[in-house]
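A.B. asks: Pasting in a structure now, in structure tokens, and then I'll have a few things to ask.
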Amino acid sequence: RDTIMASLQKYLTESIIDRGYFTNALNSTGAYLDLFLWQKQQDSIFTVQLPESEIDVHVVLMDDFLSIGWTEYATMGKHYAGGWANRRALYCVRKAYDLSGEAFRVSYLTHESQHFSDYKNFPALEQPDLEYRAKLAELHAAEETGLRLIKNFILNAKHDRSYAHPFANYHVMRDLSKEIFNQDFVDDAEKWTQIPVERIRDVSRTLLAGHTRALHAAVADQVRAYLQ
């Protein structure tokens, strides 16, 4: 099955490129195969300060889409993925962000750059742990958008490793709650408004550092999962 899919992706990519377009060629968004198809792109370099390092990342800013994937189709254009990272570069749907705003800096650039860094440092790590790390990096970077992120993580949390983002949301909020409130999972958003932004940022960085130490202890280039 994997061989057939790889052959299909290769054929589709070559066919689309021959017609003058760009594509992600049937990669996955969530549990489903997806198709992003666009006509213009611009290459940029951004320097990103992550909680544990500073890195330069190659970002491909994509424009003039013919397809932005199944989520855009299913929601009649209301929702769609803002981008992704692979081991070579970051890809950004330009119209999804104000490139001068915090949402771009935090929820796209920091999140995806953490993935980019982790792909190199922990090459076998599975998506749930990768998302946990990227969401902690977001919270560490957030100033104005921190509470919005926390509310979103609470509303979309699920303790099921089959769903990478909800699973990561659950573990982020569980671990923050333990450190800040000494409780298992605080889902009252009003309580979080009483916590200084710097406190949330500091705890997020501490949690990420602890996760990094655990991964290194488990052999960094082989570990697949730590969160249960």
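The values are calculated or read from the model by the stated rules, or taken from the named source; none is laboratory data. None of the values given here were measured: they were computed from a predicted structure. Cβ sites come from the backbone with ideal geometry, for glycine too, and all protein chains shown count toward neighbours.
A.B. asks: If you check E144, E179, which single one turns out to be in contact (Cβ under 8 Å) with a residue 40 or more places away in the chain, surrounded by fewer than 18 Cβ atoms within 10 Å (Cβ to Cβ) and more than 18 Å from the chain's Cα centre (by Cα)?
C.D. replies: It is E144.
A.B. asks: Related question: Kindly provide the set of residues from the stretch 30-75 that are over 22 Å from S100 (Cα atoms), aromatic (F, W, Y) and surrounded by 12 or more Cβ atoms within 10 Å (Cβ to Cβ), ordered by number.
C.D. replies: F36, W38, W70, Y73
A.B. asks: Residues of the stretch 198-227 being part of a helix (DSSP H, G or I), aliphatic (A, V, I, L, M) and either exposed (fewer than 14 other Cβ atoms within 10 Å of the Cβ) or at pLDDT below 95 (or both), which ones?
C.D. replies: Taking the stretch 198-227 first, the residues part of a helix (DSSP H, G or I) are 198-217.
Filter again for aliphatic (A, V, I, L, M), leaving 200, 203, 207-209, 214-215, 217.
Matches in the stretch 198-227: A209, A214, A217.
A.B. asks: Out of all the residues in the stretch 71-78, is one or more farther than 17 Å from I200 by Cβ and in contact with a strand residue (DSSP E or B) (Cβ under 7 Å, 6 or more places away or on another chain)?
C.D. replies: yes
A.B. asks: Considering every residue within the stretch 31-42, establish whether at least one is under 30 Å from L207 (Cβ atoms) and touching a Lys or Arg at 6+ places or on another chain (Cβ under 9 Å).
C.D. replies: no
A.B. asks: Can you name the condition, by its number, that G20 falls short on among (1) surrounded by 15 or more Cβ atoms within 10 Å (Cβ to Cβ); (2) small (G, A, S); (3) at pLDDT 90 or above?
C.D. replies: Answer for G20: the failing condition is (1).
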